[in-house]
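The values are calculated or read from the model by the stated rules, or taken from the named source; none is laboratory data. Please read all numbers here as calculations on a predicted model, not as lab measurements. Using ideal geometry, Cβ is built from the backbone for each residue, glycine included, and neighbour counts are taken over all protein chains shown. We work out accessible area using only protein heavy atoms, side chains counted, and drop any ligands, DNA or RNA first. Shrake-Rupley method; radii C 1.70, N 1.55, O 1.52, S 1.80 Å.
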Amino acid sequence: MLNFDFHNPTHIAFGKDRIADLDKLVPPHAKVLILVGGASAEKTGTLAEVRTALGARQHATFSGIEPNPSYETSMKAVAQIREGGFDFLLAVGGGSVIDAVKFIAAAVRFEGGDPWAILEQHGRNVTGALPFGSVLTLPATGSEMNNGGVITHRAKGAKLAFGSKHTYPVFSVLDPTKTYTLPPQQLANGVVDAFVHTVEQYLTYPVDGAVQDRFAEGILQTLIEVGPRILAAPEPVYADRANLMWTATLALNGLIGAGVPQDWATHMIGHELTALHGIDHARTLAVVLPSLLDAQRATKAAKLLQYGERVWGIRTGTDDERIDATIAATRDFFERMGIPTRLSAYGVGADSVDKLVAQLEAHGMVTLGEHRDVTPAVSRRVLEAAL
Ligand code: NZQ
Ligand code: ZN
């Protein structure tokens, strides 16, 4: 096992009717800015519930944070916070709203010029942030219990990630019934995103991280079990939604990644696909991962065989046959979740590959993966094989 630090300060309030606990979780004299995405928080009644729970505290609402949240919109919130003297932020939404609030919280306190520099330096230059909490409405990213965020600079066409010890939520409220209004494609996105988060921290090379491996395999098996059942269910089933919500959080709260190598090449290539073609985050992962696993099958062989055996029950054939069957099972799972795994399904052709590779180079994404061997030439092969 590798050396590691593990410190996760986020308080999780999980279960039905937990939004009422905001009264205990938010400091009593806070002046709160609630931040939401488009119309969903208002339509579903969650925003009204949040306002009621805040009681007599002063509060206002900033709405309009878009999926794949933008630097431009985030900076409008920064201006409102400075003008209004808000001292506590409350994100109500999915990963996009929570990520934007992390960036906004850090940008308000940033003294190094244009806060876009936070993204350019991936958060290394963050020295403080306003405190914030979240009410999660979409299980997928794990943003509710980690310190990472991904922000898009629309004018620059760049989607970059950052993280800092200052950008953990103080608390996150996870009420599984808040997922009942999600459309099937967002539920499927959530399952696939959490699945790929797990794979990024598990499918590398063995370091005898026995319990990390078994946690990761348990997360993957749970997603394989509940994902298709959630899509097929005529009415939402609380137990399945609760399992999806907690599983997605555990997939990216630092636990399974502590003490093991991590990959993240699929995510970095995927971010370029979202920036250039607007494809949903999870859908980019479903396209890139099978192709990347195939391209990296030699260096990932030991873990691919372990994953195939323990998660998919693939035990017969030569090593190459078992790896082929394992990658095919992964692709088939994404397709069963209604998520296409080829770029052609999203209208992206061979003519886009040059631009995508150039963007990876422009963003310094030239030595990706657990061995830093996913060069632009490898990313090109991965994208071409995903057409
Ligand atoms: O904008 P509204 O109207 O709220 O609608 C949203 C949005 O259109 C809707 N939605 C959310 N909760 C709902 C709901 N609709 C009905 N009922 C509800 N309860 O769902 C749509 C998508 O929301 P979004 O927040 O964009 O989705 P997700 O949670 O998948 O977040 C994706 C973003 O997270 C980043 C991605 O890159 C992407 O920008 N990621 C963040 C990570 C992190 N912080 O650790 C890691 C991930 O790998 C990922 O990169
Ligand atoms: Zn992701």
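With 0.36 nm allotted per residue and the present C-alpha distance subtracted, the residue 24-residue 301 stretch has 94.8 nm of extension available. Our estimate of slack between residue 342 and residue 221, defined as 0.36 nm per intervening residue step minus the Cα-Cα distance, is 41.2 nm. For segment 183-385, the relative contact order comes to 26 percent (Cα pairs under 8 Å, sequence separation of at least 6).
When 72, 321 are compared by accessible area of protein heavy atoms, the largest-first order is 321, 72, using a 1.4 Å probe. Taking segment 331-366 and a reference point 7 angstrom along Cα→Cβ of residue 315, no backbone N atom is nearer than 12 Å. On the beta carbon distance between residue 124 and residue 7, with R0 = 22 Å, the FRET formula returns roughly 0.80. The angle separating the long axis of helix 71-84 from the principal Cα axis of greatest extent in the chain is about 20 degrees.
Largest first, the residues 102, 16 sort by 1.4 Å accessible area into 16, 102. About its Cα centre, the chain has a charge dipole of approximately 600 debye under the convention of +1 per Lys or Arg Cβ and -1 per Asp or Glu Cβ, with nothing else charged. Helix 281-295 and the long axis of the chain differ in direction by around 30°, with both axes built from C-alpha atoms. The accessible-area ordering, largest first, of the residues 271, 277 stands as 277, 271, per a 1.4 angstrom probe.
Note on segment 11-178: with charges restricted to the Cβ of Lys and Arg (+1) and Asp and Glu (-1), its dipole about the Cα centre is near 80 debye.
For residue 16 and residue 277, the FRET efficiency from 1/(1 + (r/R0)^6), where r spans their Cβ atoms and R0 equals 51 Å, is about 0.85. Stretching the chain fully between residue 211 and residue 380 yields a gain of 57.4 nm (0.36 nm per residue, less the alpha carbon separation). Answer with one residue from 190, 167, 230: the one whose Cα lies farthest towards the positive end of the charge dipole of segment 108-239, charges on Cβ with Lys, Arg +1 and Asp, Glu -1. Of the options given, the answer is 167.
Treating each Cα of the chain as one equal point scatterer and applying the Debye formula with no solvent, the log10 of I(q)/I(0) at q = 0.08 Å⁻¹ comes out as -0.39. Computed over the chain, the per-residue total of -39500 (n - 2.57) for DSSP H runs of n ≥ 4 gives a 222 nm mean residue ellipticity of -15000 deg cm²/dmol, rounded to 500.
Semi-axes of the equivalent ellipsoid for segment 11-178, computed as √(5λ) from the eigenvalues of its C-alpha gyration tensor and ordered from largest down, come to 24, 16, 15 Å. Taking the chain as a Gaussian network of alpha-carbon nodes connected by springs under 10 Å, the highest mean-square fluctuation of the residues 97, 78, 288 belongs to 78. Charge dipole (Cα centre; +1 on Lys/Arg Cβ, -1 on Asp/Glu Cβ; no other charges) of segment 183-385 amounts to roughly 140 debye.
Extent along the principal axes, Cα only, for segment 251-346: 40, 32, 23 Å, with the longest axis given first. Across the options 360, 291, 337, the greatest Cα extent toward the positive end of the charge dipole of segment 183-385 (unit charges at beta carbon of Lys, Arg, Asp, Glu) belongs to 337. Projecting the Cα atoms of 379, 281, 37 onto the dipole axis of the chain, where Lys and Arg carry +1 and Asp and Glu carry -1 at the beta carbon, places 37 farthest toward the positive end. Near the amide H of residue 11, within less than 5 Å, lie the amide hydrogens of 171, 172, all on another chain or at least 5 residues away, with H placed in the peptide plane. Rg and Dmax of segment 183-385, both derived from C-alpha coordinates alone, stand at 16.3, 47 Å. Against the chain, whose longest principal axis is taken from its Cα atoms, helix 265-277 shows a tilt of about 70°. A simple spin-label model places the labels of residue 373 and residue 233 4.3 nm from each other, with each point 7 Å out along Cα-to-Cβ.
Size check on segment 41-112: the Cα extents along the three principal axes, sorted descending, read 38, 27, 14 Å.
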